[in-house]
Each structure stands twice: as structure tokens, then as C-alpha cells.
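Contents: one structure, followed by commentary.
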Amino acid sequence: MERGDEKFFTSNSILVVNMDMKPKIYIIILNYNSWADTIECLESVLRNNYPNYQVVVLDNNSPNNSMEYIKAWAEGKLDLWVNPNHPLRRLSYPPVPKPIPYVYYNRKEAEKGGDPEIEKQLEWQIPEGITTKYPLVFIQTGENLGFAGGNNIGIRYALAKEDFDSIILLNNDTVIEKDSILKLFEARERYGDKAIYGGRIYYYSDTNKIWYDGGHFNEWLGRTTHINMGKRNVPTKPVLEVNFITFCFVLIPKEIIKEIGLLDESYFMYVEDLDYSYKVWKKGYKLYHVSSSQIWHRVGASSGEEVSEFSAYWIMRNRLKFILQNLGLLKKLSAFTFLIFSRIVRYALWINKRKLIVAQIKGIVDGLKSK
């Protein structure tokens, strides 16, 4: 790659590294139109205390030029603004030192593993406040591939390089505690590579309120539930075995990826995490919840609100698609019956939310066609 084609950006630092020899992990963050959230997320990720990680940021061809803003941030040309009164400001402020070296790939380049030689040249002295020697990897997917498709490009990039132990998928509308990654990986070290791992997730807007604290999938009802959702002041507990992990924050060892494969891109948005969790579970592997690994999530940021027409359609469409494609006949009939009766009750409560009702009905119709 030529220096003039804006494929990479470097600092003047010289590589001096003395780190624990923990296995390398990739932290994959997907952006679509929400570059400010992504920047705040990156500020928190780059100060985490796991000693051997590389961050990959993918953009699903955002029409608002998100990637240009993110590159400007890395170059030190764009300051992060965070509400000074927000209790989570400490996780991403003050900003980490800039500039931060990065390399920029298109989809084709990324899926071939990028250019390892250039990336090696861009490794740098770790300044105070940043905890990785590796350059950031920015990837432009070229189109809106949805959650599964966008993340799959990041996973293919990692697989092509073949230099890692595990990947972490992390929503861009999150911020993490300094030890969130380390605690998740410590569980992976204890319980092995025949499992996937998730952590506790709080609401960003209500920082003591739990959104996810482990998940359960009921095959007879065809639905997932978040343990402790809406609760506060719940003590952390020993690692818990579950059968559903949200991919808002998940660690997947390389061996699981090679066995199970990539995310199912036919889901586009939502339920792809249930589909993957179910495949892991049905293969006889484990799913572990690590409540001491904690992050905060702007719930609904990808769709604009917690329940939007967009999310109402895709969740319902994909829930039905999953039921039809994965469950046995009796469980399929039971789950479908529950879905219809639960919708009748829900729509009675949504009497003034006609657009959400219409979106869900359209999702049901398209879900029936999707098998």
C-alpha cells in the first residue's frame, strides 16, 4: 500500500513492549451511523487491562461518513465530548493519547487478512493510558450487511491472520469497565475453549439497572429471557452456565468459530445471537455467564429506541424464522401458539402503537415465508 492512499496512519512512537504473554484476542466493533457512540466505546476499550488485544472497527457503509469521523478521532483531530455529569464518564475520559496508528481496509483486503507487514510496522510504544501495542484496524464493508454480515467480515479478517485465541464481539453503543475483558478471558482460561462467554450488561441510561445478567432460551415457548432484567444491586455470583448469550458482548474462542462457523447472515439484525447460542448448545458445548465482567449498553441505540418499528419487525420476523428452522414439530407448534396468543395480549396493550403492531404483523408474515 502507498503512503498517499490514506490506507494507514502512524505516530512517531517506537515499539517498546513488555507485556504478559496472554493469548491475543480481537475485539470487533461494528458501526452504522453512530460514530460518536463508537468513539466513546473505543475510549473505554483502549484503557482496558487485558494485555494482548487488537481492536477492529467495521463500518457498514454509513451514509453519515462515520468512518471519516472515527479516523479523525484516531488522528487527534476530533475531541470526544461526554456529558460531564454522567456517572460513566470515568470509563472514557480523559481521552487516551492521540494520534493512534491505524490501518484502513476495504472488505476484500480485510477478508484476505489485510497487510501484516504494514501492521507490524505500525506497532508502537504503549503510551500511558493505552493498553495495546497494535494499530487499530478500520474496515469499510462497502454496504449495510447488518449485524451478522458486518461482524463476519471482522471474524474472517481474524481467521485469515490466524494469530489469535479468541474474538470478542462488542456493540459500539457500549462502554466497558477496565477489567471487563480480563475477567471474561479469565473465565475462558478456567473453563476452556469448548464454550462461549458473556458478561453482565447494565443500561447506560440507568447505570445501576441490569439489562442482561445471563440468558435462558425456552424451546417450548420459542423465546429468550434476560436473567435479572430491570433489577438493581444484584451481587456478582460465580460463573453461571446458561443457554443463551446476547452478542452485545460475547467472547468466542477460535475453536468454536471453526466448529460452528460464522454468524447466519440471513437474520440481518436480531436473533442471530440466539441462533449461534443454540448451535453451540446443541453441539454439546457450554455457554457461561460471567457477572463480574460488566459493561453498559445504550439499549435501542441501533434502532433509535428500545422498541421501534425497525426492531419490532426484525425481532418478530427472525424469531419466527428461528422457530421454523430449528425446533422439532411439537416444540414448533407450541412456540408458534405461544407467539400468537402473546401477540394478542401485547397488541391490546399497544392500542395506541399502531405502527408497532403493523411492523410486527409484517414480521410474522415474512417470518413464515423465510424458511
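What the table shows:
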| item | result |
| --- | --- |
| Filter pass, S266 being under 28 Å from the mean Cα position of the chain (by Cα) and crowded, with 20+ Cβ neighbours inside 10 Å | no |
| Count of segment 31-56 residues which are part of a loop (DSSP other than H, G, I, E, B) and within 18 Å of Q294 (Cβ to Cβ) | 5 |
| Selection from segment 182-211 of residues that are within 18 Å of the chain's Cα centre (by Cα), farther than 16 Å from P235 by Cβ and of a type in the set (S, T, Y) | Y197, Y203, Y204 |
| Residue in segment 230-238 that is out of contact with any helix residue (DSSP H, G or I) (no Cβ under 9 Å at 6 or more places or on another chain) and buried (at least 17 other Cβ atoms within 10 Å of the Cβ) present | no |
| Unique residue being among the aromatic types (F, W, Y), within 29 Å of G328 (Cβ to Cβ) and at pLDDT 95 or above when the list is Y288, Y270 | Y288 |
| Members of segment 316-353 found to be among the aliphatic types (A, V, I, L, M) and open to solvent by 50 Å² or more (accessible area, probe 1.4 Å), listed by number | L329, L330, L333, I340, I344, V345, A348, L349, I351 |
| Contacts under 8 angstrom Cβ, first residue in segment 281-297 being farther than 20 Å from L91 by Cα and touching a residue at least 24 places away in the same chain (Cβ under 8 Å), partner assigned to a strand (DSSP E or B) and open to solvent by 30 Å² or more (accessible area, probe 1.4 Å), 6 or more apart | K286/E241; L287/E241; Y288/L240; Y288/E241; H289/L240; H289/E241 |
| Filter result for E162 (open to solvent by less than 30 Å² (accessible area, probe 1.4 Å), acidic (D, E) and over 20 Å from the mean Cα position of the chain (by Cα)) | no |
| Test result for N151, more than 15 Å from S44 (Cβ to Cβ), open to solvent by 10 Å² or more (accessible area, probe 1.4 Å), out of contact with any helix residue (DSSP H, G or I) (no Cβ under 8 Å at 6 or more places or on another chain) and of a type outside the set (A, V, I, L, M, F, W, C) | no |
| Candidate set from segment 57-111 (those that are under 23 Å from the mean Cα position of the chain (by Cα), of a type in the set (G, A, S) and assigned to a loop (DSSP other than H, G, I, E, B)); member that is surrounded by the fewest Cβ atoms within 10 Å (Cβ to Cβ) | S62 |
| Scope segment 120-148; condition outside any loop (DSSP other than H, G, I, E, B) and open to solvent by less than 40 Å² (accessible area, probe 1.4 Å); matching residues | L122, L136, V137, F138, I139, Q140, G146, F147, A148 |
| Filter result for L42 (touching a Gly at 6+ places or on another chain (Cβ under 6 Å), at pLDDT 95 or above and of a type in the set (A, V, I, L, M)) | no |
| Residue count for segment 227-267, restricted to those that are modelled with pLDDT of 95 or more, under 23 Å from E189 (Cβ atoms), of a type in the set (D, E, K, R) and not in a strand (DSSP E or B) | 4 |
| Candidate set: segment 1-28, residues that are under 20 Å from D115 (Cα atoms) and modelled with pLDDT of 95 or more; chosen: the one nearest to the chain's Cα centre (by Cα) | I28 |
| Checklist (1) of a type in the set (V, I, T); (2) over 20 Å from Y212 (Cβ atoms); (3) at pLDDT below 95 applied to I323, failing item | (3) |
| Test for E177: is it under 22 Å from S292 (Cα atoms), open to solvent by 10 Å² or more (accessible area, probe 1.4 Å) and in contact (Cβ under 8 Å) with a residue 12 or more places away in the chain | yes |
| Residue match in segment 211-219 (condition: open to solvent by 50 Å² or more (accessible area, probe 1.4 Å), assigned to a loop (DSSP other than H, G, I, E, B), touching a residue at least 24 places away in the same chain (Cβ under 8 Å) and farther than 22 Å from N152 by Cβ) | no |
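The values are calculated or read from the model by the stated rules, or taken from the named source; none is laboratory data. Note that the coordinates shown come from a computational prediction; the quantities given were computed from them, not determined experimentally. Positions of Cβ are backbone-derived with ideal geometry, glycine not excepted, and every protein chain shown enters the neighbour counts. Ligands, DNA and RNA are excluded from the accessible area calculation, which covers all protein heavy atoms including side chains. Shrake-Rupley method; radii C 1.70, N 1.55, O 1.52, S 1.80 Å.
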